[in-house]
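Have a look at the structure below, then the notes.
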Amino acid sequence: MTQPLRLGTRGSPLALVQAHMVADALARAHGWAADAIAIVPIRTSGDRIQDRALAEVGGKALWTRELDRALDDGAIDFAVHSMKDIETIRPAEIVIAALLPRADVRDRLIGAERIADLPHGARIGTSSPRRAAQLRRLRPDLATTLFRGNVATRLARLEAGEAEATLLAAAGLDRLGHPEIGHAIPVETMLPAPAQGAVGVETLAARRELRDLIGAIDHAPTRACVMAERALLAALGADCRSPVGALAVAEADGLWLRAEILSEDGALARSAEARFPADDGAAPARLAAALLDSAPPALAALFRG
């Protein structure tokens, strides 16, 4: 295997931190020198387009398209992603070769200690349909305003008074060295996005030797949970417009998967959960079917197309 291996990543501060996490983990696993992996920042469409919601301009592919092309072209050997930001259905020639141990899955509220403490009619900066729907289910008086950009950009907009509060992933804040920012929202109050807190490494399926090398850092419990959540999304037919929360937790005898679907305004919602053996690949689809079957037609139609 020719070195240095080229690790593609988005160029945001958080993406670069996650790329270094992957490089460090591989170096430890294989006893490689620090220069065995070269980190290659690639500017994605999602980084360039900041004034519109993802659903309006191409969805989650805006985070992956350029990195996928770099893999196909041989410009990079593998790529790192925040797993919640990649499409549920990926190209067949690309595989998720490893997942790092999952970090804190919760959202953090910045601007108030609790959702109940927000002033009446408060504006919440977010670009997430899930977060917007969950907030409005809890507090129908709240309004949302579009916040895109990296963590520093969103915090600056909040400081400038463009909103009264915002929500950010606890994992991202922790990785950037800001565990003190915000107040964690219990998952019982707001289920996280599927795959939130997980970092994945992708490469070409045909590169078997490289897949084996990357696989040395794969965290099996995280993989089982994230793949169950992604299978649920696929069975729902959900996309970046779909307000969906999901969280799988590894238990002694299998997985515990909780999920909810919501209308955009949070007025309609259904939740369900299931426990099943980790190797029961059909269980997430059964849970998705149960959610849709129990949902009012107007809610189910948002997912069944």
Exactly one of Ala216, Ala234, Ala205 is small (Gly, Ala, Ser), under 21 Å from Ala290 (Cα atoms), in contact (Cβ under 8 Å) with a residue 24 or more places away in the chain and surrounded by fewer than 23 Cβ atoms within 10 Å (Cβ to Cβ), and that residue is Ala234
Does the range 7-25 hold any residues that are crowded, with 19+ Cβ neighbours inside 10 Å and closer than 18 Å to Ala70 by Cβ, and which are they?
Leu7, Gly8, Thr9, Arg10, Ser12, Ala15, Gln18, Ala19, Val22, Ala23
List every residue pair whose Cβ atoms lie under 6 Å apart, where the two residues are 6 or more positions apart in sequence or sit on different chains, the first residue falls within the range 149-171 and is closer than 20 Å to Arg114 by Cα, and the second residue, located anywhere, is basic (Lys, Arg).
Ala163/Arg123; Glu164/Arg123; Thr166/Arg154; Leu167/Arg131; Leu168/Arg108; Ala170/Arg106; Ala170/Arg108
For Arg108, indicate whether it is at pLDDT 95 or above, surrounded by 18 or more Cβ atoms within 10 Å (Cβ to Cβ) and assigned to a helix (DSSP H, G or I).
no
Given the conditions (1) within 28 Å of Pro13 (Cβ to Cβ); (2) surrounded by 21 or more Cβ atoms within 10 Å (Cβ to Cβ); (3) of a type outside the set (Ser, Thr, Tyr), every one holds for Leu257 apart from (1)
Limited to the range 77-119, what total is found for residues that are under 29 Å from Leu138 (Cβ atoms) and not polar (S, T, N, Q)?
23
Would you mind telling me which numbered condition in (1) at pLDDT 95 or above; (2) closer than 14 Å to Leu109 by Cα Arg137 fails?
(2)
Would you check if there is a residue in the range 43-65 being on the phi < 0 side of the Ramachandran plot, at pLDDT 90 or above and of a type outside the set (Lys, Arg)?
no
What is the number of the single condition among (1) under 27 Å from Asp265 (Cβ atoms); (2) touching a residue at least 24 places away in the same chain (Cβ under 8 Å) that Ile181 does not meet?
(1)
Test set (1) charged (D, E, K, R); (2) assigned to a loop (DSSP other than H, G, I, E, B); (3) within 15 Å of Ala295 (Cβ to Cβ) - Asp279 fails condition number
(3)
All strands (runs of 3 or more DSSP E) inside the range 121-189 with 3 or more residues being of a type in the set (A, V, I, L, M, F, W, C)
165-169
Give the residue that is farthest from Leu302 (Cα to Cα), with candidates limited to residues of the range 263-280 that are in contact with a Gly (Cβ under 8 Å, 6 or more places away or on another chain) and buried (at least 19 other Cβ atoms within 10 Å of the Cβ).
Ala278
Counting only residues that are under 13 Å from Leu255 (Cβ atoms) and loosely packed, with under 13 Cβ neighbours inside 10 Å, how many does the range 281-303 have?
2
Restricting attention to the range 187-210, which residues are of a type outside the set (Lys, Arg) and more than 17 Å from the chain's Cα centre (by Cα)?
Glu188, Thr189, Thr203, Leu204, Ala205, Ala206, Glu209, Leu210
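The values are calculated or read from the model by the stated rules, or taken from the named source; none is laboratory data. Since the structure is predicted, the reported quantities are computational estimates derived from the model, not experimental observations. Reconstructed Cβ throughout: ideal geometry from the backbone, glycine too, with neighbour counts over all protein chains shown.
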